[in-house]
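Peer 1: Okay, handing you the structure first.
The values are calculated or read from the model by the stated rules, or taken from the named source; none is laboratory data. The shown structure was predicted, so the numbers you read here are calculated from the model rather than taken from an experiment. Note that each Cβ is placed from the backbone with ideal geometry, even for glycine, and that neighbours are counted across all protein chains shown. Surface accessibility is based on the protein's heavy atoms, side chains included, excluding ligands, DNA and RNA. Shrake-Rupley method; radii C 1.70, N 1.55, O 1.52, S 1.80 Å.
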Amino acid sequence: MVNVGQKAPPFTLVDTELKMRSLDEFKGKKVVLSFFVAASSPVCTKEMCTFRDEWNQISKLGAQVIGISNDGPFANKAFAESQHLNFPVLGDYKSQTIRDYDILMPDLLHVKGYDAAKRSVFIVDEGGNIVYKWVSDNPLIEPNYQEIINFLKK
């Protein structure tokens, strides 16, 4: 299990433009990793749009938001474009990073074999260490956005 104080597991994942993006490219910045369940689902749309709407404040606090789901790049691209998301949305279509962060939710909505990420937020500091962790076993529960903003202000 990945916990606060540990090094963030590295990843290289595909973005909506089919470019490979890695956690390493954001070294030196705080990174808000927001793992979401499924592109275009109602709760995920609300979550990603909240991060979009808070982007200016998050950016002023020296942080970068990255959305990650196990959707492929084409579903993520349609989602990101339709919602005008202003941060990278990455596809972990093999669920390897999701497993590395120990947040795999098997059989989403009781559909056998339909695995997804648990709705989760990790904040990684400038040195690559996890300094904040929130994970929900219930895909309908959103993170506490104000708590995340307040944590970034520290």
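Peer 1: Looking at region 41-62, I want the residues that are farther than 22 Å from LYS118 by Cα and open to solvent by less than 30 Å² (accessible area, probe 1.4 Å) and have a partner that is part of a helix (DSSP H, G or I) and not aliphatic (A, V, I, L, M) with Cβ atoms under 8 Å, at least 6 apart or on another chain. Which pairs are those?
Peer 2: Listed pairs, sorted by first residue: ILE58/PHE51.
Peer 1: For region 127-141: of the residues being surrounded by 15 or more Cβ atoms within 10 Å (Cβ to Cβ) and of a type outside the set (S, T, N, Q), which is farthest from GLY62 (Cα to Cα)?
Peer 2: To start, the set of residues in region 127-141 that are surrounded by 15 or more Cβ atoms within 10 Å (Cβ to Cβ) comprises 128, 130-136, 139.
Now narrow it down to the ones that are of a type outside the set (S, T, N, Q): 128, 130-135, 139.
Details: GLY128: 14, ILE130: 16, VAL131: 15, TYR132: 15, LYS133: 18, TRP134: 20, VAL135: 23, PRO139: 28 Å.
Among them, the one singled out is PRO139.
Peer 1: Same structure again: Can we say SER34 is of a type in the set (Gly, Ala, Ser) and either open to solvent by less than 30 Å² (accessible area, probe 1.4 Å) or touching a residue at least 60 places away in the same chain (Cβ under 8 Å) (or both)? If you could, list the steps in order and put the result at the bottom.
Peer 2: Numbers: of a type in the set (Gly, Ala, Ser): yes; either open to solvent by less than 30 Å² (accessible area, probe 1.4 Å) or touching a residue at least 60 places away in the same chain (Cβ under 8 Å) (or both): yes.
Yes, satisfied.
Peer 1: Quick check, is ILE66 open to solvent by less than 20 Å² (accessible area, probe 1.4 Å) and either assigned to a helix (DSSP H, G or I) or of a type in the set (Phe, Trp, Tyr) (or both)? Give the steps one after another, and end with the answer.
Peer 2: Working: open to solvent by less than 20 Å² (accessible area, probe 1.4 Å): yes; either assigned to a helix (DSSP H, G or I) or of a type in the set (Phe, Trp, Tyr) (or both): no.
When the stated conditions are applied, ILE66 does not pass them.
Peer 1: Being in a strand (DSSP E or B), out of contact with any Pro (no Cβ under 9 Å at 6 or more places or on another chain) and over 19 Å from GLY127 (Cα atoms) is the filter here; which residues of region 14-63 pass it? Spell out how you get there, then give the answer.
Peer 2: Restricting attention to region 14-63, the residues satisfying the condition of being in a strand (DSSP E or B) are 14, 20-22, 30-35, 63.
Now restrict to residues that are out of contact with any Pro (no Cβ under 9 Å at 6 or more places or on another chain): 20, 30-33, 35, 63.
The answer is MET20, PHE35.
Peer 1: Filter region 1-15 for residues that are under 14 Å from the mean Cα position of the chain (by Cα) and open to solvent by less than 50 Å² (accessible area, probe 1.4 Å) and give the result.
Peer 2: Let us first name the residues in region 1-15 that are under 14 Å from the mean Cα position of the chain (by Cα), namely 8-15.
Selection gives ALA8, PRO9, PHE11, LEU13, VAL14, ASP15.
Peer 1: Moving on. Pull up region 104-126, narrow it to residues that are open to solvent by 50 Å² or more (accessible area, probe 1.4 Å) and among the aliphatic types (A, V, I, L, M), then point me to the one that is modelled with the lowest pLDDT. Break it down stepwise before answering.
Peer 2: At the first step, the residues of region 104-126 found to be open to solvent by 50 Å² or more (accessible area, probe 1.4 Å) are 106-107, 109-114, 126.
Those left that are additionally among the aliphatic types (A, V, I, L, M): 109, 111.
Numbers: LEU109: 72, VAL111: 77.
That would be LEU109.
Peer 1: Please pick out the residue among PHE35, PHE51, PHE26, PHE87 that is within 23 Å of LYS153 (Cα to Cα), modelled with pLDDT under 95 and not β-branched (Val, Ile, Thr). Reasoning before the result, please.
Peer 2: Details: PHE35 fails: modelled with pLDDT under 95; PHE51 fails: modelled with pLDDT under 95; PHE87 fails: modelled with pLDDT under 95.
Answer to the selection: PHE26.
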